[in-house]
1. Estimate the FRET efficiency between Ala179 and Arg111 by the formula 1/(1 + (r/R0)^6), using the beta-carbon distance for r and 45 Å for R0, to the nearest 0.05.
2. Neighbouring Cβ atoms within 10 Å as the yardstick, rank Leu169, Leu218, Leu146 fewest first.
3. Quote the FRET efficiency, to the nearest 0.05, computed for Lys142 versus Glu98 with a Förster distance R0 of 30 Å and r equal to the Cβ-Cβ distance.
4. Quick one: which residues, 5+ away or cross-chain, put their amide H under 5 Å from the amide H of Ala58? H built at 1.01 Å from N.
5. I need the calculated FRET efficiency for the pair Lys243 and His192, taking r as the beta carbon distance and R₀ as 41 Å, to the nearest 0.05.
6. Where does region 173-227 land on Rg(C-alpha)/(2.2 N^0.38 Å)?
7. How many nm is it between the label spots at Thr76 and Thr132, if each spot is 7 Å from the Cα in line with the beta carbon?
8. For Asn230 and Thr204 in the same chain, what is the full-extension length gain: residue separation times 0.36 nm, less their Cα-Cα distance, in nm?
Amino acid sequence: MNDLNMRMRHCLSLFVVLGFVLLLPVDLYAQRKDTDAKISIGNYVKSSTGGRTKVADATVRIRYAFNPLDISDKSTWIDEGQLKISSGMTDYSSFFVELNEDSLAHWFDTRGRNVAYPPARWIQGYKPDYWTEYQYSQIAVKDGKLTEYATMPRELDSENLCYTESLPLFIWDIGTETATVCGYDCIKATCHWRGRDYTAWFTTDIPVGAGPWKFGGLPGIIMKISDKDNVYSWEAVAVENGKYPILLPAEQNTNNRHVRMC
């Protein structure tokens, strides 16, 4: 009888602990970016108060729709990415997030920092209530090295970090098929990279071997790329000429761990 009681108490304890564990991640790790869990206010304040360092001025900016349901409707895009191209380096980040940071900085500048700020914070796009690394990472490429800065959500901003790897090697098969993307004549290329088969469309009219996110290695800018299952896709929607500052997070604002990737 005593054994039975002990076993019942043990099972009850396990049930309580399991229930607590199952419920806890819903609040802490759901990675939402809506009213209670977008990128934390600390990250925005860092950005708007000198937490980033200007390293270059880009002269070309290409904007991409990321995972669009309808390329003509921006509200159906997960994100609008931007590739900034300067002499000697490229920088890929979220245009949605940049606009959001500028808006929040203006809010603070005009109303002060000791007041409530709008919880929606101007984030645009489809499924705006989920955090994704493809939107909240910044990727700079210079001198054959790729550095990715990861901005973590909410209280995890203390874990913001960056890593550096050699420029990824893409083994492209360049075909003869052509298409027009964003007004540019493009050539089809395919490759298998990190477990996925990708199809890219690049233009030699912009002779820079770069593209959205980490993609590159072709004799021209990648204007459109997706994997065969269409889990990830990017398509250029604008090519702009002007002066676009490239701002990188200051090292003191990240746990600057550098990891060499194979």
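No value in this document is a laboratory result; all are computed from the given coordinates. Predicted model, so just to flag it, every value in this text is computed and none were measured. Using ideal geometry, Cβ is built from the backbone for each residue, glycine included, and neighbour counts are taken over all protein chains shown.
1. 0.40
2. Leu169, Leu146, Leu218
3. So, using R0 = 30 Å, E works out to roughly 0.95.
4. HN-HN under 5 Å from Ala58: Tyr244, Ile246.
5. Details: r = 38 Å, r/R0 = 0.93.
Step by step, r from the Cβ atoms, then E = 0.60.
6. On the way: Rg = 10.2 Å, N = 55, 2.2 N^0.38 = 10.1 Å.
Normalised Cα radius of gyration, region 173-227: 1.01.
7. A separation of 1.5 nm, rounded to one decimal place.
8. Length difference between fully extended and current span is 6.9 nm.
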